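Scroll down for the structure; my scribbles are underneath it.
The values are calculated or read from the model by the stated rules, or taken from the named source; none is laboratory data. Here the structure is a predicted model, which means the values were calculated and not measured. Every residue, glycine as well, gets a Cβ built from its backbone with ideal geometry; the counts of neighbours run over all protein chains shown. Please note that ligands, DNA and RNA were not included when accessible areas were found on the heavy atoms of the full protein model with its side chains. Shrake-Rupley method; radii C 1.70, N 1.55, O 1.52, S 1.80 Å.
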Amino acid sequence: MMKWMLPVTVALALGLGGCSVYREATASSPPTNVRWQRVATSDDRDRLRDWRKAWDAALPRARAAEPQAIAAEPLLFDPDRALADAALPQGKYRCRTFKLGARGTATRDFTAYPWFDCAVADEGEVRSLHKLTGSQRPTGLVFPDSDTRQIFLGTLVLGDETAPLRYGVDANRDMIGYVERIAPKRWRLVFPEPRFESMLDVMELVPAS
């Protein structure tokens, strides 16, 4: 349905003989034998490495601000909830984002957004994930990692922009997160230390049908 025709434009920086070869996600065929560690920037690897610190900083602040909202979603906001078979099947999804822990004084410690449209496409070695509607739209690739975790690398599309920046071009738009399955047909994509507004973002994904 979407395949590599979508304007993902996420660069896969693959070390090759001492140089970097960039393959965009609009290429006619997906890359092979790609490990996310060879694609992610050093800043993003650091953010992912500190995922627990991000939870520990953000969750208490969100719970203090909106205790009922946090208590209402015990699976979604349990940092250690991760079931086997984390891979996202291709298809259409409903997705909603929660922002935990304010970054700066202009935002709140807990913000819940309504449901929007997302989609996952099978690209062969990897899968692509796109938030299709809303003012902040992550778009990128999901890489295999372990049975309980997949790794998302992508960029943030804002407002009325029609195409994302290539991954690695603008650190403020680069995004790294991890995908976990938390219940039957229920996943989350966690962004530790996002660049804007919050200390931790949690995106819930459920099949649209």
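With all protein chains present and a 1.4 Å probe, how do 125, 193, 180 order by accessible area, largest first?
Of 125, 193, 180, the descending order of accessible area is 125, 193, 180.
Cα atoms only, the stretch 64-131: Rg and Dmax in Å?
15.1, 43
Enumerate the residues in the stretch 170-207 having an amide nitrogen under 17 Å from the point lying 7 Å beyond the Cα of residue 57 toward its Cβ.
Residues 172, 175-178, 190-202 qualify, since their backbone N sits under 17 Å from the label point.
Excluding ligands and nucleic acids, what accessible area in Å² is computed for residue 181 using a 1.4 Å probe, to the nearest 10?
50 Å²
How would you classify the stretch 128-209 from its alpha-carbon gyration tensor, with a ≥ b ≥ c the square roots of the eigenvalues: rounded for a/c under 1.5, else prolate if a/b is greater than b/c, otherwise oblate?
Taking the square roots of the gyration eigenvalues as a ≥ b ≥ c, the stretch 128-209 is prolate.
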